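Colleague: The structure that follows is given in the form of structure tokens.
Read-outs throughout are calculated quantities, based only on the coordinates presented, and are distinct from any laboratory measurement. Everything numeric in this text was worked out from a predicted model, so none of it was measured. FYI the Cβ positions are ideal-geometry reconstructions off the backbone, even for glycines, and counts take in every protein chain you see.
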């Protein structure tokens, strides 16, 4: 059984879906739990119930919003993919520092495949644990925001929050 909880944030509701051990399997700026469940690998899906006890992620998100931009670093996540590059790219994504966004081109290079810009973009698009794996820190090659599943106003706010932190 999975648990989920929704927190209020300056950019709107943020919902996390976790295992009984508090490992985050999905997260996003929405209250739509079925939508979050669809982002997860089918292998990781399970019935979910509302429960404010979602482990340390709740406090970590609050601390992040209060200005501790490294508070999410210790939050455990679990995603699944068939591709080795995707798993590695997610690990690399987690190393992108707050206030230091990178382009898709730079992200691909950091992931060890400089020509895999589309693969890097795919890693962002398939990221089911938004905010904790900071896909919002990856920008278009021209430096513009690009896309963000949860909307460009949210991405813009997160980048400004981190730049000012």
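Colleague: Report the label-to-label distance for residue 7 and residue 100 in nanometres (one decimal), using points 7 Å from each Cα along the Cα→Cβ vector.
Modeller: Between residue 7 and residue 100, the label points sit 2.4 nm apart.
Colleague: Quote the convex hull volume per residue of the stretch 2-65, based on C-alpha atoms, as a whole number of Å³. The partial results should precede the final answer.
Modeller: Numbers: hull volume 4.7 nm³, N = 64.
Residue-normalised Cα hull volume stands at 74 Å³.
Colleague: By count of other Cβ within 10 Å, fewest leading, how are 29, 85 ordered?
Modeller: Details: 29 22, 85 17.
Taking fewest neighbouring Cβ atoms as first place, the list is 85, 29.
Colleague: At what distance in angstrom do the alpha carbon centres of the stretch 1-61 and the stretch 97-128 lie from each other?
Modeller: 24 Å
Colleague: Compute the distance in nm between two label points, each set 7 Å from the Cα along the Cα-to-Cβ direction, one at residue 113 and one at residue 125.
Modeller: Between residue 113 and residue 125, the label points sit 1.4 nm apart.
Colleague: Let me understand the chain better: what is its radius of gyration from the alpha carbons, and its Dmax, in angstrom?
Modeller: Over the chain's Cα set, Rg and Dmax evaluate to 14.9, 43 Å.
Colleague: Among 3, 25, what is the fewest-to-most ranking by other Cβ atoms within 10 Å?
Modeller: Numbers: 3 18, 25 25.
Listing 3, 25 from fewest to most nearby Cβ atoms yields 3, 25.
Colleague: How far is helix 152-164 tilted, in degrees, relative to the longest principal axis of the Cα atoms in the chain, given as a value from 0 to 90 rounded to the nearest 10?
Modeller: That works out to roughly 80 degrees.
Colleague: Which residues does a label at residue 21 reach in the stretch 129-144, if reach means a backbone N under 16 Å from a point 7 Å past the Cα toward the Cβ?
Modeller: Hits in the stretch 129-144 for residue 21 at 16 Å: none.
Colleague: In which sequence would 117, 24, 129 go, from the one with the fewest C-beta neighbours within 10 Å to the one with the most?
Modeller: Details: 117 17, 24 25, 129 28.
Going from least to most buried by this count: 117, 24, 129.
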